[in-house]
1. So residue 105 ticks every box in (1) of a type in the set (Gly, Ala, Ser); (2) closer than 29 Å to residue 246 by Cα; (3) modelled with pLDDT of 95 or more but one. Which box is left unticked?
2. Test each condition in (1) modelled with pLDDT of 95 or more; (2) closer than 25 Å to residue 67 by Cα; (3) crowded, with 21+ Cβ neighbours inside 10 Å for residue 188 and report the one that comes out false.
3. Test of understanding: among 212, 225, which residue is in contact with a Ser or Thr (Cβ under 9 Å, 6 or more places away or on another chain) and either of a type in the set (Asp, Glu) or in contact (Cβ under 8 Å) with a residue 40 or more places away in the chain (or both)?
4. How do the pairs read when you match residues in the stretch 37-51 that are in the same structural domain as residue 204 (by TED's automatic domain parsing) and farther than 21 Å from residue 25 by Cβ with residues anywhere that are assigned to a strand (DSSP E or B) and among the polar types (S, T, N, Q), using Cβ under 7 Å and keeping only pairs 6 or more apart or on different chains?
5. Would you pick out the residues in the stretch 123-147 that are part of a strand (DSSP E or B) and more than 24 Å from the chain's Cα centre (by Cα)?
6. From the list 175, 202, which residue is over 24 Å from the mean Cα position of the chain (by Cα), modelled with pLDDT of 95 or more and of a type outside the set (A, V, I, L, M, F, W, C)?
7. Can you spot a residue in the stretch 148-158 that is over 17 Å from residue 90 (Cβ atoms), at pLDDT 95 or above and assigned to a loop (DSSP other than H, G, I, E, B)?
8. Are any residues in the stretch 159-172 surrounded by fewer than 19 Cβ atoms within 10 Å (Cβ to Cβ) and more than 10 Å from residue 94 (Cβ to Cβ), and if so, which ones?
Amino acid sequence: MTNIDNNGIIRIGKIKFTNVWPLFYYFPLQRPEFHNKVSFEEQVPTQLNRAIAEGSIDMGPISSFEYGANFRDYLLYPDMSVSAHGTVRSLLLFHREPLDKVANGSVSLPTTSATTVNLLKIILEKFYGGKPAYTYAAPSLGDMMNQTDAALLIGDDAIRASWEKHGYLVTDLGEEWLRQTGKWMSFAVWAVRKQTVERYPELVKRVFDGFMESKSKSLADPSGMIGEAVAAIGGEESYWRTYFGGLCYDFGRVQWEGLQLYYDYAWEMGFLPERVPLQIWSESGAYRPDLSAARVNE
């Protein structure tokens, strides 16, 4: 297990996507209890996934698939995720033909999210019985669609592309997952390295409380985030109000059940080498919730 000395500072990774803003926007980083004890390091999801696996980051929002691949090293904060029960608006498959035809066509994938890529593979291969040809490409809708029958975009790239007059069919992967399973889907989870919990249990608790405070304030009054999103990315205030309001930042039993089902499918299809248990952090000690009823009837 890799360990990189952090000089007593908890290094928190921060994704460069708007979907995590509510958990960071009002985090009280300037308070005395965090001075010289906590730092934020902003990265794209793939960089953050790698950094936390290597131990150069101690905690942060990682792709759900990354937790599945390295769960032995992590605990998950409860009440913190990027989840949806249906529409996401930032995980979009653009395609010329209906999904049953795309399932045996060619699909261009981004390199920025293993969670969404494998979710798409579950949808096309398990739910539609297909076996498409996948290629990876930079997240440019026009270039991707010049080469393949469908293109997957995530995050702010998907949002911008959805505003274009592109003429393609668009499938929201959150909506499709709900339609096929009836479950929630968690796209990002908040992982804490077990070593960090062991070394700094009190600080880990204070950091959790800081995130909870930011989440509460951001969702109670999202106007600040909305204004920054319009300035930085574009679009109308009404779009961003709907976007932030449509995502869920909780991580409780209904989210756990949906994520457990995703992990079970990923293991069955060979995307993960073993079954993945959820290991939840709590102030009184880590635990594994009983999710034996998470499967749907197939």
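The values are calculated or read from the model by the stated rules, or taken from the named source; none is laboratory data. Please read all numbers here as calculations on a predicted model, not as lab measurements. We place every Cβ from the backbone using ideal geometry, glycine too, and count neighbours over all the protein chains shown.
1. (2)
2. (1)
3. Working: 212 fails: in contact with a Ser or Thr (Cβ under 9 Å, 6 or more places away or on another chain).
225 is the lone residue from the list that is in contact with a Ser or Thr (Cβ under 9 Å, 6 or more places away or on another chain) and either of a type in the set (Asp, Glu) or in contact (Cβ under 8 Å) with a residue 40 or more places away in the chain (or both).
4. Close Cβ pairs (under 7 Å, with a partner that is assigned to a strand (DSSP E or B) and among the polar types (S, T, N, Q)) amount to 49/63; 51/43.
5. Within the stretch 123-147, the first condition is being part of a strand (DSSP E or B), and the residues that meet it are 133-136.
The answer is 133, and nothing else.
6. Exactly one of 175, 202 is over 24 Å from the mean Cα position of the chain (by Cα), modelled with pLDDT of 95 or more and of a type outside the set (A, V, I, L, M, F, W, C), namely 202.
7. Among the residues of the stretch 148-158, at least one is over 17 Å from residue 90 (Cβ atoms), at pLDDT 95 or above and assigned to a loop (DSSP other than H, G, I, E, B), which makes the answer yes.
8. 160, 163, 165 - these are the residues of the stretch 159-172 that are surrounded by fewer than 19 Cβ atoms within 10 Å (Cβ to Cβ) and more than 10 Å from residue 94 (Cβ to Cβ).
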